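Derivation of every value follows stated rules applied to the coordinates shown; laboratory data play no part. Quick caveat, the model's predicted, so the values are computed rather than measured. Heads up, the Cβs are rebuilt from the backbone with ideal geometry, glycines too, and the neighbour counts pull from every protein chain shown.
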Amino acid sequence: MRLLEAQKVVKEFGGITALNHLDLHVEEGEVVGLIGPNGSGKTTFFNCLTGFYKVDGGDLFFKGEKITNEPTHAIIQNGISRTFQLNRIFPNLTVLQNVLLGQNHQREGILQPFLRRSEEKVVERSLELLHFVNLFDKRKDLAGSLSYGQQKLLDLAIALVKEPELLLLDEPTAGVNPTLINDIVDRILQINRQGTTILLSEHNMDVIMNISQRIYVLSFGEKIAEGKPEAVREDPNVLEVYFGK
């Protein structure tokens with residue numbers, strides 16, 4: 001099933017076109033890579049897809065339903081979650097409190113996770129996720145005390161507590177030491193094996209070539225290549241953008 005589809009999506013900032021009639025799709029169960037130089041439109045696309053930016057043209061579909069310019073909370077409720085290129089955690093809250101704050105607060109006030117009134121199953125799920133990302137032993141520590149790589153893992157746990165059908169990962173290994181990169185990659189692959197579809201933006205070519213089933217390449221907001229990793233790696237348009245060949 002085609003879980004996500006972008007049709008001729010346009011996003012402009014003043015006189016600059018950040019996305020130029022972008023077409024792409026993600027099938028249910030895939031890990032799809034999104035690459036391109038800085039400023040190519042990858043994060044802009046994620047922001048349009050999750051309602052942070054309004055698109056100026058084209059349409060976005062999730063599970064066959066149009067979600068173009070829907071509010072962020074509605075998109076999240078529908079089954080899309082994301083991490084961010086720059087970690088968005090609350091440094092003065094504990095690791096566990098950060099994950100609890102990431103839950104869907106449909107029937108409770110936002111302070112309830114800290115007043116011990118969150119649903120028991122949400123607390124249990126949060127603790128399971130902290131085990132999953134190897135942060136359970138730090139659950140009572142302030143999030144600001146974590147290393148940068150550990151904060152990336154916390155950001156992943158926060159995104160997963162919503163139990164998304166589609167997970168958007170924006171530069172999950174950027175600035176992370178090699179040992180933790182392996183941990184993050186292992187977690188991504190396990191998440192996918194458990195049934196979550198993943199769209200991954202990443203500069204680390206070894207990571208994205210090894211875990212993606214298909215890859216889209218952007219340059220100045222336009223799609224210049226798509227296909228399996230081995231085909232994209234040899235595509236002359238991609239070599240030109242990255243290496244000037």
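Observations
- Long-range HN-HN contacts of GLU222 with modeled amide H, under 5 Å: ASN20
- Measuring against 24 Å, Cα to Cα, the residue pairs LYS152/LYS223; LYS63/LYS121; LYS8/LYS63; LYS63/LYS162; LYS66/LYS152 contain LYS152/LYS223; LYS63/LYS121; LYS66/LYS152 as the ones spanning a longer distance.
- Here LYS11 is the anchor, and the aspartates and glutamates within straight C-alpha reach of less than 17 Å, apart from those fewer than 8 places off in the same chain, are ASP23, ASP56, ASP59, GLU70, GLU222.
- Which labelled figure in (i) 53; (ii) 46; (iii) 61 is percent of Cα pairs over 24 Å apart, once derived from the coordinates: (ii)
- Net charge contributed by nearby residues that have their C-beta within less than 14 Å of TYR53 (K/R +1, D/E -1): 0
- Using alpha-carbon coordinates, inclination of helix 120-132 to the longest axis of the chain, degrees: 60
- For a label point 7 Å along the Cα-to-beta-carbon line of PHE13, residues of segment 165-200 with backbone N under 18 Å: 170-171
- Measuring spread by the Cα atoms of segment 181-245 yields a radius of gyration and Dmax of 12.9, 40 Å.
- Protection proxy ranking, peptides 221-231, 93-103, average beta carbon neighbours within 10 Å, highest first: 93-103, 221-231
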